[in-house]
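Only the coordinates and a few stated rules stand behind these numbers; no lab work does. The shown structure was predicted, so the numbers you read here are calculated from the model rather than taken from an experiment. No Cβ is skipped: glycine too gets one built from the backbone with ideal geometry, and neighbour counts run over all protein chains shown.
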Amino acid sequence: MSPYQVIVGPLITEKAERDRMEQGTLCFRVHVKATKTDVKHAVRAIFNVEVDSVRTAKYMGKMRRRGRFQGRKPDWKKAYVKLKPGQRPVEYTQV
């Protein structure tokens, strides 16, 4: 996968923004089959920064109903990327 296929987009929440400002940890929504190594290489290629560690969490999709129709939201994966000390902070916006 290319780096732009691995990283789906940034997660912009209050917790993610607090971690980014205080600890230098970025939060991304990533491809479900992406590994920690894939995420590390993708962040290094896209943002041109050095990565210290990567933590991932996989979320199962929930059941949803619309009237009499029942469906399921897709599974998704989140990655927390900690930058090495001394790296410039990364600025991104939600698309």
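Each label point was placed 7 Å from the Cα along the Cα-to-Cβ direction; for residue 36 and residue 73 their separation is 2.7 nm. Structure remark: mean-square fluctuation, Gaussian network model of the chain, C-alpha springs under 10 Å; the largest value among 33, 58, 73 belongs to 73.
For the chain, the longest principal axis of the alpha carbon atoms and the long axis of helix 36-47 meet at an angle near 60°. The calculated Kirkwood hydrodynamic radius for the chain is 14.2 Å, given to one decimal from all distinct C-alpha pairs.
Within the shell defined by Cβ-Cβ distances under 14 Å, the residues around residue 72 carry a net charge of +4, with Lys and Arg each +1 and Asp and Glu each -1. Taking amide H atoms as placed 1.01 Å from N in the peptide plane, the amide H of residue 11 lies under 5 Å from those of 27, 28, 29, each 5 or more residues away in sequence or on another chain. Residue exposure proxy: 28, 69, ordered by other Cβ atoms within 10 angstrom of their Cβ from fewest to most, comes out as 69, 28.
Against the chain, whose longest principal axis is taken from its Cα atoms, helix 14-23 shows a tilt of about 20°. Maximal additional length on extending the residue 92-residue 59 stretch stands at 9.6 nm, based on 0.36 nm per residue less the C-alpha distance. For q values of 0.14, 0.17, 0.24, 0.28 Å⁻¹, compute log₁₀ I(q)/I(0) with the Debye formula on a Cα-only model of the stretch 1-56, without solvent. Summing over Cα pairs of the stretch 1-56 leads to -0.34, -0.51, -1.00, -1.26.
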